[in-house]
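The values are calculated or read from the model by the stated rules, or taken from the named source; none is laboratory data. These numbers were taken from a predicted model, which means no experiment stands behind them. When we count neighbours, we look across all protein chains shown, and the Cβ atoms used for this are built from the backbone with ideal geometry, even at glycine. When the accessible area is computed, the model is the full protein with side chains, heavy atoms only, and any ligands, DNA or RNA have been set aside. Shrake-Rupley method; radii C 1.70, N 1.55, O 1.52, S 1.80 Å.
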Amino acid sequence: MNKAKRKTIIAGNWKMNKTPAEAKVLISEMIPLVKDADCDVIACVPFVDLAVALEAAQGTNIKIGAENCHWAKSGAFTGEISADMLKSMGIEYVIIGHSERRQYFGETDVTVNQRVRAALDAGLTVILCVGEQKVEREQGITAELCRMQTKVALQGVTAEEMSRIVIAYEPVWAIGTGLTATADQAEEVCALIRDCIAELYTAEVAEATTIQYGGSMNDANAEELLSKVNVDGGLIGGASLIAEKFAKIVEAASK
Ligand code: PEP
């Protein structure tokens with residue numbers, strides 16, 4: 001396995017936090033702190049913050065992403081946002097299949113796949129979240145679960161399109177709980193997701209795919225998690241809301 005074959009990506013997931021005015025401040029605080037990053041830096045922000053975040057990040061190394069998109073191009077889907085809408089305003093990235101969408105908003109592996117397809121068709125890069133719940137880890141089905149989520153989400157995605165797929169392994173029990181997977185647990189599952197991609201596509205595609213870890217990653221544990229050969233970055237929730245903490249994770253990923 002050769003880490004040099006893929007990008008290291010640190011992405012923030014702001015969830016339902018920050019007004020547009022607050023988003024402007026947070027991006028402005030991040031800019032000087034991450035400007036020398038030797039990894040890709042992304043802030044995924046609420047829909048209403050996208051315009052202001054794009055403007056604030058213009059000309060910097062911070063890229064802006066959304067936290068979800070709908071699978072249809074347009075139509076009678078009150079309250080939803082299409083991938084084409086995101087693309088048209090200059091957005092490059094979108095998170096799809098976050099466990100909070102699965103848990104609270106009825107997201108299924110099938111709708112995740114539909115959203116992935118729509119995002120790729122619109123020209124976006126997808127951060128696809130997969131991960132087991134606590135009970136599933138206890139039942140010993142983490143591997144099957146993550147393999148199934150990955151396989152269903154990637155149905156109809158070509159090998160060429162895999163260059164616009166980033167996978168975030170996010171054990172649900174570690175998200176927003178302060179419980180972090182150990183570096184070995186993160187490595188084990190990121191490695192099996194990579195094996196799954198190799199089975200679906202080729203070893204080359206698997207080696208080139210960025211697989212992040214997410215789940216209470218912070219400035220104290222990032223370095224150890226990121227030292228693992230199959231952990232190519234992080235999807236960061238809570239710690240992405242504090243510029244200094246987020247910047248420290250970016251620094252750890254840049255070593
Ligand atoms: C997330 O929201 O994707 C996440 C990993 O959250 P936290 O870092 O707060 O656990």
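I need the full set of residues from region 91-101 which are within 12 Å of the ligand (Cβ to nearest atom) and charged (D, E, K, R), in order please.
Listed by number, the residues that qualify are Glu100, Arg101.
From the list Val110, Val48, Val41, exactly one residue is part of a helix (DSSP H, G or I) and either under 18 Å from the mean Cα position of the chain (by Cα) or more than 22 Å from Gln155 (Cα to Cα) (or both). Which is it?
The match here is Val48.
In region 1-35, which residues are β-branched (Val, Ile, Thr) and either more than 16 Å from the ligand (Cβ to nearest atom) or surrounded by fewer than 13 Cβ atoms within 10 Å (Cβ to Cβ) (or both)?
Scanning region 1-35 gives Thr8, Thr19, Val25, Ile27, Ile31, Val34.
Taking Ile249 and the conditions (1) touching a residue at least 60 places away in the same chain (Cβ under 8 Å); (2) open to solvent by 30 Å² or more (accessible area, probe 1.4 Å); (3) within 11 Å of the ligand (Cβ to nearest atom), which numbered condition does it fall short on, given that it satisfies the others?
Ile249 satisfies every listed condition except (2).
For region 51-101, give me the residue count where each residue is acidic (Asp, Glu), part of a loop (DSSP other than H, G, I, E, B) and out of contact with any Phe, Trp or Tyr (no Cβ under 8 Å at 6 or more places or on another chain).
The number of residues fulfilling the criteria is 2.
Scan (1) within 29 Å of Val41 (Cα to Cα); (2) open to solvent by 30 Å² or more (accessible area, probe 1.4 Å); (3) in contact with a Pro (Cβ under 9 Å, 6 or more places away or on another chain) for the single condition Gly131 breaks and write down its number.
Of everything listed in (1) within 29 Å of Val41 (Cα to Cα); (2) open to solvent by 30 Å² or more (accessible area, probe 1.4 Å); (3) in contact with a Pro (Cβ under 9 Å, 6 or more places away or on another chain), Gly131 misses just condition (2).
Give me the pairs: first residue in region 217-246 and away from the ligand (no atom under 13 Å from the Cβ), second residue outside any loop (DSSP other than H, G, I, E, B) and among the polar types (S, T, N, Q), beta-carbon distance under 7 Å, and six or more apart or on different chains, which are they?
Going by the 7 Å Cβ cut-off, the qualifying pairs are Asp232/Gln212.
Restricting the search to region 178-192, which residues are within 11 Å of the ligand (Cβ to nearest atom) and either part of a helix (DSSP H, G or I) or under 18 Å from the mean Cα position of the chain (by Cα) (or both)?
Within region 178-192, Thr180, Ala181 qualify.
Looking only at region 203-216, count how many residues are open to solvent by 10 Å² or more (accessible area, probe 1.4 Å) and away from the ligand (no atom under 16 Å from the Cβ).
Selection size over region 203-216: 5.
Would region 193-202 turn up any residue that is within 11 Å of the ligand (Cβ to nearest atom), buried (at least 18 other Cβ atoms within 10 Å of the Cβ) and touching a residue at least 24 places away in the same chain (Cβ under 8 Å)?
no
Return the pair list, or none, for Cβ contacts closer than 6 Å from residues in region 130-158 that are part of a loop (DSSP other than H, G, I, E, B) to residues that are β-branched (Val, Ile, Thr), at least 6 apart or on different chains.
Once the first residue is part of a loop (DSSP other than H, G, I, E, B) and sits in region 130-158, its partners that are β-branched (Val, Ile, Thr) give Gly131/Val172; Glu132/Thr142; Gln133/Val172.
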